[in-house]
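K.L.:
Quick one: the structure is below, questions incoming.
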Amino acid sequence: MNNSPNRRSFFKKSLVLAGAFSSGSLFNQLHAEDFEKKANIYKDLSPEEMASNEDYWSLIQQAYPASSSPVLNLNNGGVSPSPKLVLDAVDRYDKMANMAPSYYMWRILDQGREPLRQKLADLGGCDPEEIGINRNATEALNSVIHGLDLNKGDEVIGSIQDYPNMMNAWKQRALREGIVYKQLSFDFPIEDDEFIVDMYRKAISPKTKIIHVTHVINWVGQIMPVKKICQMAHERGLEVIVDGAHSFGLLDFNIPDLEADYFGTSLHKYLSAPIGTGMMWIKKEHISKVWPLFCDQDPTRGDIRKFESLGTRSFPLEQGIGEAINFHNGIGKKRKEARARYLKNYWAEKAIKIPGVKLHTSLKADYSCVIAGVSIDGMTPRELESTLLKKYKIHTSPVSYENIDVVRVSPHVYTKPSDLDRLVKALEELAAK
Ligand SMILES: Cc1ncc(COP(=O)(O)O)c(C=O)c1O
């Protein structure tokens with residue numbers, strides 16, 4: 001086998017040249033021109049006007065293999081599919097890695113990590129030195145939850161509507177170390193920020209150290225007033241951890257503008273990055289005091305990279321994030337968010353007119369984006385979900401949890417209005433029974 005320096009430098013060069021961070025990116029090769037042409041045709045339309053422009057969105061739909069799935073996927077909030085160029089990038093990197101894994105992964109592909117950190121920081125509107133790359137929101141947030149020094153009796157305020165993996169992390173700390181984990185309970189939908197902020201405020205005691213809040217509640221899609229909660233918490237000397245699994249890559253915001261202290265997200269939801277990719281953000285001044293979950297040679301250093309000693313993981317998946325960001329940027333943050341809202345409203349506004357159908361999510365823009373919960377009188381969430389799947393080939397997510405009984409519906413930018421017509425028709429037929 002020819003393993004000459006020339007051959008090696010060819011691979012190195014070709015990767016760098018063809019990588020997601022260069023002008024030779026797959027996005028530039030496959031989509032940039034078409035995206036630009038279409039965007040130019042409609043350059044006078046605002047994101048909101050563009051949201052219903054099916055000519056533009058058909059271009060996006062064509063880029064996703066999921067558009068032709070035999071099962072209509074309306075559970076993108078669970079995990080979102082990637083566009084084809086992301087799958088191709090991962091495949092390309094994977095083939096390369098498997099030529100000589102330790103060489104290509106640890107000497108070639110890992111050179112993409114710093115450009116990726118920069119790209120993620122650009123997307124989050126923050127400093128790359130505050131971005132840690134990992135595998136999912138659970139890993140990102142568990143790193144923070146377990147990494148903070150707390151003493152017996154110190155209090156953490158969260159809610160029972162936070163995500164189970166994070167609630168379990170806090171419960172384990174309570175069990176093991178005697179911290180006090182207080183959980184609020186919300187009756188969503190709530191269209192009153194002050195009411196929500198007040199719930200957290202009232203739960204604070206002299207022992208409270210942390211507030212844990214979910215940016216977009218996964219069960220019903222309620223958007224929480226994170227910034228207001230952070231401001232209220234900071235006035236009282238508390239820190240705030242934000243679970244952004246359902247907001248990042250969908251809502252148009254910069255992470256620092258939330259004014260939180262810690263933020264964790266998956267990238268395989270609305271960013272459509274490869275499945276098994278995630279990210280953490282820690283405000284620079286806090287990095288040194290958070291202990292890494294996977295130990296580092298210098299666990300107290302103020303370098304975000306100390307959270308990346310994960311052992312062997314998929315570098316091809318990680319590097320595939322770059323093309324997902326290219327694709328996302330190709331659409332544009334504002335246009336993507338506006339389309340997501342349009343799709344949710346498209347079906348939900350029809351659904352609420354059907355006798356017997358209830359919506360459990362606000363339709364006001366401040367309180368929801370793409371996710372909504374729906375129910376039909378006389379059917380359990382499990383019955384509704386399984387009938388939608390068996391009879392109509394529509395995949396959704398049933399939620400019977402605490403005070404929430406809904407089927408969660410979460411479209412994505414590749415979802416067509418005609419797909420949602422199918423859902424509305426199914427709801428009409430089932431509600432009429
Ligand atoms: C609000 C929220 N946080 C965290 C997660 C965990 O994401 P992951 O499984 O990618 O770690 C989810 C998953 O759906 C979620 O809905």
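K.L.:
When the dipole is taken about the Cα centre of the chain, and only Lys, Arg (+1) and Asp, Glu (-1) are charged at their Cβ, what size is it in debye, to the nearest 20?
P.N.:
Dipole size: approximately 1060 debye.
K.L.:
How many times 2.2 N^0.38 Å is the alpha carbon radius of gyration of region 279-395? Working shown, then result.
P.N.:
Working: Rg = 21.7 Å, N = 117, 2.2 N^0.38 = 13.4 Å.
Expressed relative to 2.2 N^0.38 Å, the Cα Rg reads 1.61.
K.L.:
Could you line up W170, W106 from fewest to most neighbouring Cβ atoms inside 10 Å?
P.N.:
Taking fewest neighbouring Cβ atoms as first place, the list is W106, W170.
K.L.:
Just how large is the dipole of region 118-176 about the Cα centre, in debye to the nearest 20, putting +1 at every Lys and Arg Cβ and -1 at every Asp and Glu Cβ?
P.N.:
The dipole magnitude comes to about 400 debye.
K.L.:
With the cut-off at 14 Å, report for region 97-159 the share of all Cα pairs above it, as a whole percent. Intermediate results must be reported in sequence, preceding the final value.
P.N.:
Working: 1405 of 1953 pairs.
Taking all Cα-Cα pairs of region 97-159, the fraction more than 14 Å apart is 72 percent.
K.L.:
Output the Kirkwood hydrodynamic radius of region 267-348, Cα pairs only, in Å rounded to one decimal. Each step should come with its number before you reach the end.
P.N.:
Working: mean 1/r = 0.0655 Å⁻¹.
Every distinct Cα pair counted, the radius reaches 15.3 Å.
K.L.:
Moving on to the next point. Which links in K43/K333; K391/K425; K202/K364 stretch past 19 Å when you go from one Cα to the other?
P.N.:
Cα-Cα > 19 Å for K202/K364; rest within.
K.L.:
Kirkwood Rh over Cα pairs of region 364-433 into Stokes-Einstein at 4 °C, 1.567 mPa s: D in µm²/s?
P.N.:
Translational D for this selection: 102 µm²/s.
K.L.:
Per the Kirkwood definition applied to all pairs of different Cα atoms, how many angstroms is the hydrodynamic radius of region 196-296?
P.N.:
14.5 Å
K.L.:
Hey, another quick one. Which value in Å does the Kirkwood hydrodynamic radius of the chain take, with 1/r averaged over all unlike C-alpha pairs and then inverted?
P.N.:
On the way: mean 1/r = 0.0439 Å⁻¹.
Final number for the Kirkwood radius of the chain is 22.8 Å.
K.L.:
While we're looking at this one, here's another question. Per-residue HN-Hα couplings for region 106-115, Karplus 6.51 cos²θ - 1.76 cosθ + 1.60 at θ = phi - 60°, whole Hz, x for Gly and Pro?
P.N.:
Karplus-based 3J(HN,Hα) across region 106-115 equals 8, 10, 10, 4, 6, 5, x, 5, 5, x Hz.
K.L.:
Can you put R117, R408 in order of Cβ neighbours within 10 angstrom, beginning with the fewest?
P.N.:
Ascending Cβ contact count within 10 Å gives the list R117, R408.
K.L.:
Pairs of alpha-carbon atoms within less than 8 angstrom and 6+ residues apart define the contacts here; what relative contact order does region 53-151 have, in percent?
P.N.:
Computed value for region 53-151: 12 percent relative contact order.
K.L.:
If you take all C-alpha pairs in region 20-149, what percent of them are over 19 Å apart? Present the calculation step by step, with values, prior to reporting the outcome.
P.N.:
Details: 5736 of 8385 pairs.
That tail contains 68 percent of the Cα-Cα pairs.
K.L.:
Strictly greater than 14 Å: what percent of every Cα pair in region 337-382 meets that?
P.N.:
Counting every Cα pair in region 337-382, those more than 14 Å apart make up 47 percent.
K.L.:
Length gain on complete extension for the stretch D55 to H286, per 0.36 nm per residue less the alpha carbon to alpha carbon distance? Each step should come with its number before you reach the end.
P.N.:
Numbers: separation 231, 0.36 × 231 = 83.16 nm, distance 4.65 nm.
Extra length available between D55 and H286 comes to 78.5 nm.
K.L.:
Still on this structure: Starting from the Cα of K283, draw a straight line to each of the lysines and keep only those under 18 Å, dropping any in the same chain fewer than 8 residues away.
P.N.:
Candidates past the 8-residue exclusion: K119, K209, K227, K228, K306.
K.L.:
Moving to a separate point now. Where does region 384-424 land on Rg/Rh, using Cα atoms and the Kirkwood Rh?
P.N.:
1.01
K.L.:
Could you line up R335, R341 from fewest to most neighbouring Cβ atoms inside 10 Å?
P.N.:
The fewest-first ordering by Cβ neighbours comes to R341, R335.
K.L.:
Let me ask you something else. Rounded to the nearest 20 Debye, what is the dipole magnitude of region 359-433 about its Cα centre when Lys and Arg each give +1 and Asp and Glu each give -1 at the C-beta?
P.N.:
320 debye
K.L.:
By the scheme Lys and Arg +1, Asp and Glu -1, what is the net charge of all other residues having a beta-carbon under 13 Å from that of N76?
P.N.:
Values: positive: K269, K336, R339, K344, R408; negative: D419.
Charge balance near N76 sits at +4.
K.L.:
Let me ask something else. Give me the Å³ per residue figure for the convex hull around the C-alpha atoms of region 130-236.
P.N.:
111 Å³
K.L.:
Taking the dipole about the Cα centre of the chain, with the C-beta of Lys and Arg at +1 and of Asp and Glu at -1, give me whichever of Y367, W219, V90 is farthest to the positive side.
P.N.:
The residue sitting most towards the positive pole is V90.
K.L.:
Now for a different question. For region 264-292 and region 53-120, what is the separation of their C-alpha centers, rounded to whole Å?
P.N.:
Each part's Cα centre sits 18 Å from the other's.
Every number here is computed from the coordinates shown, using simple stated rules; none is lab data. Small disclaimer: the values here were computed from a predicted structure and weren't measured. Using ideal geometry, Cβ is built from the backbone for each residue, glycine included, and neighbour counts are taken over all protein chains shown.
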